[in-house]
Structure formats: structure tokens, C-alpha cells
Ligand code: ZN
């Protein structure tokens with residue numbers, strides 16, 4: 001793998017204002033890895049897909065909301081608000097956007113990294129929220145490092161060589177963490193953070209020095225809230241952006 005600075009984003013959820021703020025904040029990068037859920041919840045699905053597709057050396061995964069928007073996951077797998085957002089997204093996706101999403105995979109192995117939307121064990125559905133979930137995935141992980149999304153939480157776990165259990169990794173903002181085998185890392189969510197910090201969350205990965213830098217950036221949440229309400233999407237999706245849940 002060539003050495004490079006990689007923008008790692010996940011769970012954009014059709015929030016173009018948050019995505020634009022992340023791209024401005026990130027500065028220059030050589031490649032972008034997107035871990036899925038480009039659409040769902042937010043008002044800008046096609047705009048987000050178009051913007052992501054323009055990024056340099058893009059590797060992009062599909063998430064559960066993207067699959068649902070294509071009709072490949074039934075609505076009853078989602079709660080009431082999420083499913084009405086999925087239905088709205090189905091109605092608004094362009095043919096071009098649908099064709100793009102339909103060509104994506106939910107998991108890719110690019111040694112020394114595994115990329116998955118949910119987890120290496122269950123590519124689309126598993127939420128890795130604690131060390132129990134992380135350990136189940138370390139047990140089957142084929143590479144030193146694994147990058148995941150789906151939980152909307154910027155968290156990480158490390159399992160040292162020879163150990164059968166992992167520990168949580170502290171991930172202070174703007175501090176480059178040195179990667180050590182083996183780690184599972186989540187950049188958090190661009191478009192709908194759920195750690196009670198409403199700022200967009202992402203990470204910068206340096207594949208030469210092997211560091212992971214968690215980043216947060218504020219954006220104009222009220223603009224997105226207005227578009228959510230104007231679009232007729234559930235009001236709850238607007239409210240939660242401000243609280244970061
Ligand atoms: Zn998501």
C-alpha cells in the first residue's frame with residue numbers, strides 16, 4: 001500500500017452541510033475511505049453521493065441505510081422514524097445515485113486494513129459498542145487493523161499480541177494515535193453523531209507513520225434542520241442533530 005494521508009469518514013446520512021465542513025477542515029489528503037451510510041435520515045442524499053464520488057482515490061462501502069434505500073433491506077428492519085426516512089430516501093434517489101450505491105460492497109480487505117460498515121463478522125448489521133463486541137471481531141480479524149462505522153461513535157479498541165481480550169483506546173481530539181497491532185477503530189459519524197457532541201466526526205489516517213487522528217468540526221446545524229423539516233422528514237431527525245444523539 002502506498003504511503004498516504006487518508007480521510008476516513010462514515011455515516012454521512014445525507015447531511016451535505018456536515019460533509020462540506022469536514023472536507024474543508026480536513027485540508028489536503030491523498031485518498032478517502034468512506035465506511036458506508038451515505039444516505040438515510042438527512043435531506044441531501046444525491047448531493048452527498050455526488051460529493052463523495054468526487055474525492056480522490058475513493059474507497060467507499062455500502063451501509064444498511066444505503067441498502068434499504070435500494071430496496072434490498074425491508075423497511076420493517078428499521079424503527080418507525082428510520083423507516084420513514086428510508087421511504088423518503090427511496091423516493092428521492094436519482095437513478096445515477098442508485099446505480100452508484102448498488103455497486104458498493106459492505107466489507108473490503110486492504111492489508112493491513114479491513115474496512116467494514118458494521119463489523120468484520122457481520123458487515124452491515126453488528127454494532128461494535130464495547131469490548132465484548134470488539135473481542136468477537138478480533139477473534140476473526142484477518143488484518144492488523146480494522147476500520148468500522150455504523151455505531152456513530154468515535155471509539156477504538158486494542159488487542160495486544162498474545163492476548164485474548166481487548167481494551168478500549170483513548171481517542172482525544174486532534175491527537176495522533178500511533179497504531180499498534182491489532183486495533184479496531186471507528187471515526188464516528190459525519191452527519192449524525194451519537195456521542196452527545198453534535199459536531200461532525202471523522203479521522204485522518206496516515207498509512208506511512210501509521211497514525212490515527214480523531215477530528216471534530218462544527219457546522220451550521222440549523223441549516224440542515226430547516227431542510228429536514230422542509231423536506232417533510234421526521235422532526236425527530238432535526239432535533240437529534242442539535243443534541244448529538
Ligand atoms: Zn449510520
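Touching a helix residue (DSSP H, G or I) at 6+ places or on another chain (Cβ under 7 Å) and more than 18 Å from residue 6 (Cβ to Cβ) - does that describe any residue in the stretch 197-215?
Yes, the stretch 197-215 contains at least one residue that is touching a helix residue (DSSP H, G or I) at 6+ places or on another chain (Cβ under 7 Å) and more than 18 Å from residue 6 (Cβ to Cβ).
Please enumerate the residues belonging to the stretch 115-154 that are surrounded by 21 or more Cβ atoms within 10 Å (Cβ to Cβ), within 16 Å of the ligand (Cβ to nearest atom) and in a loop (DSSP other than H, G, I, E, B).
If the condition is that a residue be surrounded by 21 or more Cβ atoms within 10 Å (Cβ to Cβ), within 16 Å of the ligand (Cβ to nearest atom) and in a loop (DSSP other than H, G, I, E, B), then 117, 118, 119, 123, 124, 128, 149, 150, 151, 152, 154 are the ones that fit.
Name the residues in the stretch 46-63 that are more than 14 Å from residue 14 (Cβ to Cβ), within 13 Å of the ligand (Cβ to nearest atom) and outside any loop (DSSP other than H, G, I, E, B), would you?
The answer is 61, and nothing else.
Please go through (1) modelled with pLDDT of 95 or more; (2) in a loop (DSSP other than H, G, I, E, B) for residue 72 and return the number of the only condition it doesn't satisfy.
For residue 72, the exception is condition (1).
What number goes with the only condition from (1) surrounded by fewer than 24 Cβ atoms within 10 Å (Cβ to Cβ); (2) more than 14 Å from the ligand (Cβ to nearest atom) that residue 8 does not pass?
(1)
Within the stretch 223-245, track down each residue that is assigned to a loop (DSSP other than H, G, I, E, B) and touching a residue at least 60 places away in the same chain (Cβ under 8 Å). Reasoning before the result, please.
Restricting attention to the stretch 223-245, the residues satisfying the condition of being assigned to a loop (DSSP other than H, G, I, E, B) are 232-234, 244-245.
Scanning the stretch 223-245 gives 232, 233, 234.
Out of the residues in the stretch 11-40 that are part of a helix (DSSP H, G or I) and out of contact with any helix residue (DSSP H, G or I) (no Cβ under 8 Å at 6 or more places or on another chain), state the one that is nearest to the ligand (Cβ to nearest atom). It would help to see each step written out before you state the result.
Within the stretch 11-40, the first condition is being part of a helix (DSSP H, G or I), and the residues that meet it are 16-26.
With out of contact with any helix residue (DSSP H, G or I) (no Cβ under 8 Å at 6 or more places or on another chain) added as a condition, the list becomes 21-22, 24-26.
On the way: 21: 18, 22: 15, 24: 22, 25: 20, 26: 20 Å.
That would be 22.
Could you tell me whether any residue of the stretch 83-100 is surrounded by fewer than 24 Cβ atoms within 10 Å (Cβ to Cβ), within 16 Å of the ligand (Cβ to nearest atom) and without any contact (Cβ under 8 Å) to a residue 40 or more places away in the chain?
Yes, that holds for at least one residue.
Quick check on this structure: which one of 158, 124 is without any contact (Cβ under 8 Å) to a residue 40 or more places away in the chain, within 20 Å of the chain's Cα centre (by Cα) and within 25 Å of residue 213 (Cα to Cα)?
After ruling out the rest, the residue left standing is 158.
With respect to residue 43, is the statement that it is surrounded by fewer than 22 Cβ atoms within 10 Å (Cβ to Cβ), in a loop (DSSP other than H, G, I, E, B) and modelled with pLDDT of 95 or more true? It would help to see each step written out before you state the result.
Details: surrounded by fewer than 22 Cβ atoms within 10 Å (Cβ to Cβ): no; in a loop (DSSP other than H, G, I, E, B): yes; modelled with pLDDT of 95 or more: yes.
No.
Whether any residue in the stretch 69-82 is within 16 Å of the ligand (Cβ to nearest atom), buried (at least 22 other Cβ atoms within 10 Å of the Cβ) and more than 19 Å from residue 219 (Cα to Cα) is what I want to check.
yes
I'd like to verify a number: residues in the stretch 175-199 that are assigned to a loop (DSSP other than H, G, I, E, B) and more than 18 Å from the chain's Cα centre (by Cα), how many?
6
The values are calculated or read from the model by the stated rules, or taken from the named source; none is laboratory data. No experiment lies behind these values; they were computed from the predicted model shown. Positions of Cβ are generated from backbone atoms using ideal geometry, with glycine treated the same way; all protein chains shown enter the neighbour counts.
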